[in-house]
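Asks: Sharing a structure with you now.
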Amino acid sequence: MSNTITPRLQYSSTAVRPRWADLPQDVRRLVSRHLGGVVDAGPSAGSGFTSGFAAVLHGANGPEFVKAVDALENTVIADCYRREALINQALPAEVPTPRLRWIEDQADGWIVLGFDAVKDGRMPSAPWNPVDLAATLDAWTVTAEALSTPSEALQQVGLEPIGDDSDFADWRGLVGGASSTKALPTWVPTNWLETLAELETQWRQAVAGDAVLHHDLRQDNVLLDTNGSAWICDWN
């Protein structure tokens, strides 16, 4: 049986999330306290692959990016939020990421996190353009250098090893006929498939070592601010 390659994702519209008004009153009251009073809620984020609340909220204390989820109904997402909070606080100061301001793990099941908001943040263009790509690579260069040796704080959080060889086998699957090239976007250079497949065979050797990786560095986990600088998000 052949594998199925899904069409190129529209990362700006991958998630259906609750709105600010949909959150329980106690959760909204809690967030209001952190933001300094009345909350002016922006639209819920359309990117990501979870059903948790995610939006930039404005209050007297300034804007914050707030995530919230009912842990009793979404245990997996809640665990990701808890881990993201731990990792975010352990990241070296050099890493360009919105910093966690606070976390509330409520007895009634809701987990709420407040992060620095990236000013007028937007995802990189799709497909990538040279300017957005350069900014993202610059941000990752700084990050890779900062994470080349795990800090004591990150080691205490607990680091997970890279997965199996089959975790990255898409190019080899295309060359070997397990997947059809017909499903690829038109911009993919199919004359490079052999080269890409060969590079893919070496991925485990390429990442061998003690450095820390984001391991989920997609377009929707990168935000560009008004100055064109890139910020790397969602460290769970």
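Asks: Identify the single condition in (1) hydrophobic (A, V, I, L, M, F, W, C); (2) out of contact with any Lys or Arg (no Cβ under 7 Å at 6 or more places or on another chain); (3) under 23 Å from I87 (Cβ atoms); (4) touching a residue at least 60 places away in the same chain (Cβ under 8 Å) that L184 does not satisfy, given that it satisfies every other one.
Replies: (3)
Asks: Do we have D138 as in a loop (DSSP other than H, G, I, E, B) and under 29 Å from E94 (Cβ atoms) here?
Replies: Numbers: in a loop (DSSP other than H, G, I, E, B): no; under 29 Å from E94 (Cβ atoms): yes.
Considered against the rule, which asks whether it is in a loop (DSSP other than H, G, I, E, B) and under 29 Å from E94 (Cβ atoms), D138 comes out as no.
Asks: Working only within the range 195-234, note down all residues that are aliphatic (A, V, I, L, M) and assigned to a loop (DSSP other than H, G, I, E, B).
Replies: Taking the range 195-234 first, the residues aliphatic (A, V, I, L, M) are 196-197, 199, 206-208, 211-213, 217, 222-224, 230, 232.
The answer is A208, A211, V212, L213, L217.
Asks: Quick one: in the range 178-200, of everything that is among the small types (G, A, S) and under 23 Å from A126 (Cα atoms), which residue is nearest to the chain's Cα centre (by Cα)? So that I can check it myself, show each step before the final result.
Replies: The first filter runs over the range 178-200 and keeps only residues among the small types (G, A, S), leaving 178-180, 183, 197.
This time we only want the ones that are under 23 Å from A126 (Cα atoms), so: 180, 183.
On the way: S180: 28, A183: 25 Å.
Once the filter is applied, the top-ranked residue is A183.
Asks: Output the residues belonging to the range 156-171 that are under 16 Å from R82 (Cα atoms) and in a helix (DSSP H, G or I). It would help to see each step written out before you state the result.
Replies: Looking only at the range 156-171, we keep the residues that are under 16 Å from R82 (Cα atoms), and these are 156-160.
Across the range 156-171, the qualifying residues are Q156, V157.
Asks: So W192 passes all but one of these: (1) part of a helix (DSSP H, G or I); (2) loosely packed, with under 14 Cβ neighbours inside 10 Å; (3) in contact (Cβ under 8 Å) with a residue 12 or more places away in the chain; (4) not small (G, A, S). Which condition number does it fail?
Replies: With respect to (1) part of a helix (DSSP H, G or I); (2) loosely packed, with under 14 Cβ neighbours inside 10 Å; (3) in contact (Cβ under 8 Å) with a residue 12 or more places away in the chain; (4) not small (G, A, S), W192 is out only on (3).
Asks: Give the residues of the range 52-70 that are within 14 Å of the chain's Cα centre (by Cα) and not in a strand (DSSP E or B), sorted by residue number.
Replies: G52, the sole residue that qualifies.
Asks: Taking D79, is it assigned to a helix (DSSP H, G or I) and either surrounded by 20 or more Cβ atoms within 10 Å (Cβ to Cβ) or free of Cβ contacts under 8 Å to residues at least 60 places away in the same chain (or both)?
Replies: Yes.
Asks: Only residues in the range 157-170 that are more than 15 Å from T201 (Cα to Cα) count as the first member; pair them with residues that are open to solvent by 90 Å² or more (accessible area, probe 1.4 Å) and of a type outside the set (S, T, Y), Cβ under 7 angstrom, at least 6 apart or cross-chain, and list the lot.
Replies: Qualifying pairs under 7 Å: V157/L86.
Asks: Please determine whether any residue of the range 224-231 is of a type in the set (V, I, T), in contact (Cβ under 8 Å) with a residue 60 or more places away in the chain and within 24 Å of Q89 (Cα to Cα).
Replies: Narrowing the range 224-231 to residues of a type in the set (V, I, T): 226.
Of the ones still in play, those that are also in contact (Cβ under 8 Å) with a residue 60 or more places away in the chain are 226.
Okay, now just the ones that are also within 24 Å of Q89 (Cα to Cα), so none.
No.
Asks: Output the residues belonging to the range 213-230 that are open to solvent by less than 30 Å² (accessible area, probe 1.4 Å) and touching a Gly at 6+ places or on another chain (Cβ under 8 Å).
Replies: We begin by selecting, within the range 213-230, every residue open to solvent by less than 30 Å² (accessible area, probe 1.4 Å); these are 214, 219-222, 224-225, 230.
Matches in the range 213-230: D220, L224, D225.
Asks: Exactly one condition in (1) at pLDDT 95 or above; (2) open to solvent by less than 30 Å² (accessible area, probe 1.4 Å) is not met by A93; state its number.
Replies: (2)
The values are calculated or read from the model by the stated rules, or taken from the named source; none is laboratory data. Because the structure is a prediction, the values reported are computed rather than measured. Please note: Cβ atoms are built from the backbone with ideal geometry, for glycine as well, and neighbour counts cover all protein chains shown. For accessibility, only protein heavy atoms count, side chains too; no ligands or nucleic acids. Shrake-Rupley method; radii C 1.70, N 1.55, O 1.52, S 1.80 Å.
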